[in-house]
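Inspection log for the structure reproduced underneath, given as structure tokens.
The values are calculated or read from the model by the stated rules, or taken from the named source; none is laboratory data. Note that this is a predicted model, so its numbers are computed, not measured. Every residue, glycine as well, gets a Cβ built from its backbone with ideal geometry; the counts of neighbours run over all protein chains shown.
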Amino acid sequence: MAEPLLSLKNISKEFYGNRVLEDVSFSINKGEIIGLVGENGAGKTTLMRILFGMPVIAETGGYGGTIELDGAPVSFTSPFDALDAGIGMVHQEFSLIPGFSATENITLNRESLKRNFMCDIFGERMSILDRATMHQRAKAAIERLGVKIDPETLVSEMPVGHKQFTEIAREIDRKQVKLLVLDEPTAVLTESEAEILLASIKNLAAQGISIIFISHRLAEVVHVADKIIVLRDGKVVKDTPSKDVSIRDIAGWMVGREVKVESK
């Protein structure tokens with residue numbers, strides 16, 4: 001059996017004496033899609049902050065348990081550590097620069113450079129932006145998502161859905177990306193855009209990228225996920241393959257009782 005890409009083992013976290021996570025354990029394999037669900041306050045956001053090395057975790061006493069990536073223990077002290085390890089995250093709030101194009105946002109802080117004659121005199125710091133290569137990188141990342149966005153469109157001129165795709169394209173442009181955490185990625189999308197994104201997620205997984213898909217849209221979770229993890233009151237109450245799981249099942253696990261829901 002292949003070694004999991006990521007393993008969370010007995011993760012616990014307290015904020016000022018209030019326990020918000022307790023012995024959370026699960027794993028994700030290469031190319032697997034996990035649907036992480038739970039009511040607001042169940043602990044999803046805190047868990048992802050721990051995984052991504054957000055400073056607020058260390059500032060409030062750290063966490064208990066261990067995280068393993070490719071079988072080796074890791075402890076990220078900043079999001080930059082997580083990014084360097086191949087973990088990308090797309091948050092609910094956009095972090096794009098409105099006055100920049102899609103290309104400039106996708107390649108931000110990882111711009112392609114090219115030498116010129118000044119480099120021979122003053123060194124590599126005189127390199128200039130290789131905009132043609134940056135354009136091609138952005139175009140390739142966008143095409144992997146299966147959407148049509150002009151890489152040179154300014155973010156300020158984009159509809160909301162295109163901004164979301166640009167956020168995701170930025171993460172998959174990173175070298176050696178292994179795992180993507182998508183926090184409510186379809187919340188701002190139209191139905192047709194959401195369908196494209198779900199297909200894109202499956203395509204990325206087929207390319208070997210693991211996905212943690214966080215959503216309150218349970219029908220989408222059932223449709224796209226290989227495995228479903230349910231958090232309730234900071235604990236994993238269900239870890240199950242998505243096959244034969246219904247929306248009603250998930251809703252019941254989330255609230256701790258049988259519920260009636262309508263599936264669309």
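For Asp130, are the conditions met, namely being modelled with pLDDT of 95 or more, on the phi < 0 side of the Ramachandran plot and surrounded by fewer than 19 Cβ atoms within 10 Å (Cβ to Cβ)? No; evaluated as a whole, the condition is false for this residue. As a summary of the residue check, Leu108 satisfies the conditions (1) surrounded by fewer than 18 Cβ atoms within 10 Å (Cβ to Cβ); (2) within 30 Å of Ser25 (Cβ to Cβ) except for the one numbered (2). Taking the criterion of being touching a helix residue (DSSP H, G or I) at 6+ places or on another chain (Cβ under 7 Å) and either at pLDDT 95 or above or of a type in the set (S, T, N, Q) (or both), the residues of the range 58-81 that qualify are Tyr63, Ile67, Thr77, Ser78.
Given the criteria out of contact with any Phe, Trp or Tyr (no Cβ under 9 Å at 6 or more places or on another chain) and acidic (Asp, Glu), does Glu14 qualify? Judged against the criteria, Glu14 is not a match. Of the residues screened, Leu204 is one that is within 20 Å of Ala140 (Cβ to Cβ) and not charged (D, E, K, R).
Scanning the range 85-106 for residues that are within 16 Å of Lys163 (Cβ to Cβ), part of a loop (DSSP other than H, G, I, E, B) and not charged (D, E, K, R) returns His91, Gln92, Phe94, Ser95, Leu96, Ile97, Pro98, Gly99, Phe100. Within the range 199-227, take every residue that is more than 14 Å from Asn29 (Cα to Cα) and touching a Phe, Trp or Tyr at 6+ places or on another chain (Cβ under 9 Å) and give me the one that is modelled with the lowest pLDDT. So, considering only residues that are more than 14 Å from Asn29 (Cα to Cα) and touching a Phe, Trp or Tyr at 6+ places or on another chain (Cβ under 9 Å), the one modelled with the lowest pLDDT is Ser200.
Within the option set Thr166, Thr186, being surrounded by 18 or more Cβ atoms within 10 Å (Cβ to Cβ), hydroxyl-bearing (Ser, Thr, Tyr) and under 14 Å from Asn105 (Cα atoms) holds for one residue only, Thr166. All conditions but one from (1) in contact (Cβ under 8 Å) with a residue 12 or more places away in the chain; (2) under 20 Å from the mean Cα position of the chain (by Cα) apply to Arg248; the one that does not is (2).
Checked against (1) over 15 Å from the mean Cα position of the chain (by Cα); (2) small (Gly, Ala, Ser); (3) closer than 22 Å to Val230 by Cα, Ala58 meets all criteria but (3).
When Glu171, Glu220 are checked against the criterion of being acidic (Asp, Glu), over 27 Å from Phe100 (Cβ atoms) and either buried (at least 19 other Cβ atoms within 10 Å of the Cβ) or within 18 Å of the chain's Cα centre (by Cα) (or both), Glu220 stands alone in meeting it. Looking across the range 227-241, the residues that are touching an Asp or Glu at 6+ places or on another chain (Cβ under 6 Å) and crowded, with 19+ Cβ neighbours inside 10 Å come down to Ile229, Gly234.
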